[in-house]
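Remarks on the structure that follows.
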Amino acid sequence: MTMVKPLNGDDSAAYGMMQIDPDVVAAYPITPQTELMQNFAQFHADGRVQTELITVESEHSAMSACVGASAAGGRVMTATSSQGLALMWEILYIASSYRLPIAMNVINRTLSGPINIHCDHSDTMGARDSGWIQIYGENPQEAYDNTIQAVRIAEHMDLRLPVMCMQDGFITSHAVERVELLDDDVVKDFVGGFTPTYPLLDLDNPVTYGPLDLYDYFFEHKMQQIDAMSRAEKVVREIGKEFGEISGRSYAMLEPFGMEDAETAIIVLSSTAGTTRSTVSDLRSKGRKVGMIKVRGFRPFPQEELISLLDDVKVIAVLDRSDGLGAYGAPVFTEVRNALYDEGHKPEIVNYVFGLGGRDIGKKDIVTVFDDLDKIISSGEVKRRMRYLGVRE
Amino acid sequence: MSEKPGWKKIPVAGLIVDAGNAREYKTGDWRTQKPVIDRDLCTNCLTCWVNCPDSSIIVEEGKFKEFDYDHCKGCGICAGVCPKKAISMVSER
Amino acid sequence: MPSLKTLSAREERLSPGHRLCAGCGASVAVRQILMSTELPVVVAASTGCLEVATTIYPYSAWKVPFIHNAFENSAATITGVESMYRALKKRGRLDQDKKIKFIAFGGDGGTYDIGLQALSGALERGHDFTYVCYDNEAYMNTGIQRSSATPIGANTTTSPCGDEIPGKRDYKKNLTHIVVAHDVPYAAQATPSYYMDLINKAQKAIETDGPTFLNVLSPCPRGWRADATKFRELGQTAVATCLWPLYEVVDGKYVLNGMSKRIADGKAEKKPLVDWLSMQGRFKHLFADEKGKAIIENAQKKVDRDWEKIKALASI
């Protein structure tokens, strides 16, 4: 029987972790992830999980211990944000190249400096080449749902790659919403048991992890990882569909809204997708042909599906909550534009960097974006491709 | 020289599943001098064995059997620690 | 304490064919440590000479399960392995009677310096594991750079002896004291030249429950510019000068061992530091001028001070 509770994103993700009851969790506190781990620690102290909780002395040690635990042969989870993710950066690459199915919640917070504890995506965008699967959740419900799916995605035998699930710091993590929680048994059934591959604790088959891999073999090992990542999209969709069967909420890589006849569209991630959807709904009721695509799965990037949704769109605005300093466009923009390069129909694309360091974005701002896009259509020209939304000059 | 295997043929993640297969790599050709034992002087104290960096002293039933010349790097530690001076290092040049 | 004969019947856990230097003190130490217990072990190692030379793909010299993660985190990594072991046992996914022990190896670079945080955290959390630092007194794997374990005056590539500066200007950090400050059940200093002492301590460290620590001075003929055949003398002189006293700290109580105990009891002679310095090319420049002589004098005074401290601690 489903329970409905008012929970914020930290609470709901922690609840999901509790129901999964991972074998080992190694974590370190950082705003705005802290409440997630505090919740989990309380579950642990109350005996509601059997997890071995390692309260490590830094995020670098958190991910290091996760690597050790996962290689030992069990289910491992953790969570972090911002500087914590940055501190574990070198180990992220190791976790992925060792093909360890670790599941991590990342509560998006900007990377310093100067120090700022609020939301933007600079932290996880900085890890987009680390070989982790990246899934962005819009609200506390998705934070919960993604946490549960992450374990299945990571541990899929076609993959064995670590997964990070994102939610916007404070905006989602600390905002209470209505969340439908699945039954403990339903979650347990869905995630199932853990199947180890090459576990260190199998003394009869001793294995060496992490050799010195010189130029005569390293490339081949990387190819294996690249090959695995090429199967990730299929797995994310498969698990998203299966999750739909137990919850009534299925998930994919992209979530279009109003795209059936949209002439202008916004592509956006995470909580701002909610703001955008609400705006699109309002504008469409007034007869404007606007639409939006929420990107849920960012790594791997769902290029083919994206192209198929943009057939009739004239102008797109890609909203990025981080910038790529010195790059021609911010991360999501570059993925979208790149995806469309070979296509016959190439909509005009402009980039809006917004919300850095938690700068708020509201429906009024979304309306101005759509107004800008209309201006591009009517004038026939793009005066500026890279735009910054909400910053004071 | 044999062709090295491609990425489809080797275990993932750089895992080495054949534990201890370093034995197949013959470090014996590093040597410029090799240890030689005078069995009359050897008392099988095994001091050489416990000090060998390369596990290259073969002991059988608690007695010195032979040097593993496939792997011995000729460091000379065994000759240095032997209390009976039963081991001498002989140049191989 | 099993005899060498008994030990020789045990399966070698480190195979030959690894590519550590001929005469490497670390490999002697590691062999001795691995043979000290019959309990099955899982090993984690930091980036460094030991890890790099024993696992050059596709070859591994480790006949036990082994993981290398990164440079500074073998302690953190092993606590992950150990925690999973406890987790799986608790859940019945691992044989209840199977007792596995966990060992992390790190060089002085990966332990005294970059690995200190992870070591401290692992000790504080009380995991059941043994940390072994094979101290060869510099970042040897990358070509002999100074670490905080490098002795004063030593010539390394980042503390070279030059026209103005005569080698490393700082004293060697005392890591064993730092570890003891974590109130661990067992910590010890050893060196493979006194192999029975090392093997005995290794067995105690591994078979004691809780976080234990071994600091093992591992002569590096290459980096120390010393004669590999003088391996035994090198280690024994380090002990005889009281530069590297052999001791254990068992539940906080300091106990001197072997030659160090004999020296403390007046039954053996404490040798001057120059005996140690003159065996190695990395200290050669200290004998060339007045500046060097002054360093030797100060270094001797420091050795003497530290030795008095250890004796005092051992008499509590």
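The values are calculated or read from the model by the stated rules, or taken from the named source; none is laboratory data. Because the structure is a prediction, the values reported are computed rather than measured. Here the Cβ is made from the backbone with ideal geometry for all residues, glycine too, and neighbour counts use every protein chain on show.
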Do we find that A:Ser12 is within 14 Å of chain C (Cβ to nearest Cβ) and in a helix (DSSP H, G or I) in this structure?
no
Quick check on my filter: what residues within the stretch B:35-56 are more than 9 Å from chain C (Cβ to nearest Cβ) and of a type in the set (A, V, I, L, M, F, W, C)?
B:Val36, B:Ile37, B:Leu41, B:Cys42, B:Cys48
Does A:Ser58 meet the test of being in contact (Cβ under 8 Å) with a residue 24 or more places away in the chain and surrounded by fewer than 24 Cβ atoms within 10 Å (Cβ to Cβ)?
yes
Single unsatisfied condition, C:Arg19 versus (1) closer than 22 Å to A:Leu100 by Cβ; (2) assigned to a loop (DSSP other than H, G, I, E, B); (3) touching a helix residue (DSSP H, G or I) at 6+ places or on another chain (Cβ under 7 Å):
(1)
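Here's the yes/no breakdown for (1) at the interface with another protein chain (Cβ under 9 Å from one of its Cβ atoms); (2) in contact with a Ser or Thr (Cβ under 9 Å, 6 or more places away or on another chain); (3) within 19 Å of C:Tyr85 (Cα to Cα); (4) not basic (Lys, Arg):
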residue: A:Gln50; (1), (2), (3), (4): yes, no, yes, yes
residue: A:His60; (1), (2), (3), (4): yes, no, no, yes
residue: A:Val67; (1), (2), (3), (4): yes, yes, yes, yes
residue: A:Ala72; (1), (2), (3), (4): yes, yes, yes, yes
residue: A:Gly84; (1), (2), (3), (4): no, yes, no, yes
residue: A:Glu90; (1), (2), (3), (4): yes, no, no, yes
residue: A:Arg99; (1), (2), (3), (4): yes, yes, no, no
I'd like to verify a number: residues in the stretch C:92-144 that are in a helix (DSSP H, G or I) and charged (D, E, K, R), how many?
3
Could you list, in sequence order, the residues of the stretch C:67-90 that are outside any helix (DSSP H, G or I) and out of contact with any His (no Cβ under 8 Å at 6 or more places or on another chain)?
C:Ile67, C:His68, C:Asn69, C:Ala70, C:Phe71
Per the filter on the stretch B:66-93, residues within 10 Å of chain C (Cβ to nearest Cβ), under 19 Å from C:Pro16 (Cα atoms) and touching a strand residue (DSSP E or B) at 6+ places or on another chain (Cβ under 7 Å) are B:Asp68, B:Cys72, B:Gly74, B:Gly76, B:Cys78, B:Ala79
So which residues in the stretch C:35-66 are more than 7 Å from every other protein chain (Cβ to nearest Cβ) and assigned to a loop (DSSP other than H, G, I, E, B), if there are any at all?
C:Met35, C:Ser36, C:Thr37, C:Glu38, C:Leu39, C:Ser46, C:Thr47, C:Gly48
Taking the conditions exactly as written (buried (at least 21 other Cβ atoms within 10 Å of the Cβ) and within 26 Å of C:Phe283 (Cβ to Cβ)), does C:Thr237 satisfy them or not?
yes
Filter result (buried (at least 18 other Cβ atoms within 10 Å of the Cβ), assigned to a loop (DSSP other than H, G, I, E, B) and more than 8 Å from chain C (Cβ to nearest Cβ)) within the stretch B:1-30
B:Leu15
Of all residues making up the stretch C:145-187, the number that are buried (at least 21 other Cβ atoms within 10 Å of the Cβ) and part of a loop (DSSP other than H, G, I, E, B):
12
Looking at the stretch A:101-117, which of its residues are touching a Pro at 6+ places or on another chain (Cβ under 9 Å) and crowded, with 24+ Cβ neighbours inside 10 Å?
A:Pro101, A:Ile102, A:Ala103, A:Met104, A:Ile107, A:Asn108, A:Arg109
Does C:Ala122 satisfy the condition of being touching a His at 6+ places or on another chain (Cβ under 7 Å) and more than 7 Å from chain A (Cβ to nearest Cβ)?
no
Look at the stretch A:21-32 and say how many of its residues are surrounded by fewer than 24 Cβ atoms within 10 Å (Cβ to Cβ) and of a type outside the set (D, E, K, R).
3
Among the numbered criteria (1) of a type outside the set (Ser, Thr, Tyr); (2) touching a strand residue (DSSP E or B) at 6+ places or on another chain (Cβ under 8 Å); (3) not in a helix (DSSP H, G or I), which one does C:His285 miss?
(3)
The one condition A:Val186 fails out of (1) in contact with a strand residue (DSSP E or B) (Cβ under 7 Å, 6 or more places away or on another chain); (2) in the same structural domain as A:Glu155 (by TED's automatic domain parsing); (3) not charged (D, E, K, R) is (1)
Could you list all residues from the stretch A:36-78 that are outside any helix (DSSP H, G or I) and either at pLDDT below 95 or polar (S, T, N, Q) (or both)?
A:Gln50, A:Thr51, A:Thr55, A:Ser58, A:Thr78
May I ask you to list pairs of residues, at least six apart or on different chains, whose Cβ atoms are under 6 Å apart, with the first in the stretch B:18-30 being among the aromatic types (Phe, Trp, Tyr) and the second being not in a helix (DSSP H, G or I)?
B:Tyr25/C:Gly17; B:Tyr25/C:Tyr59; B:Trp30/B:Lys73
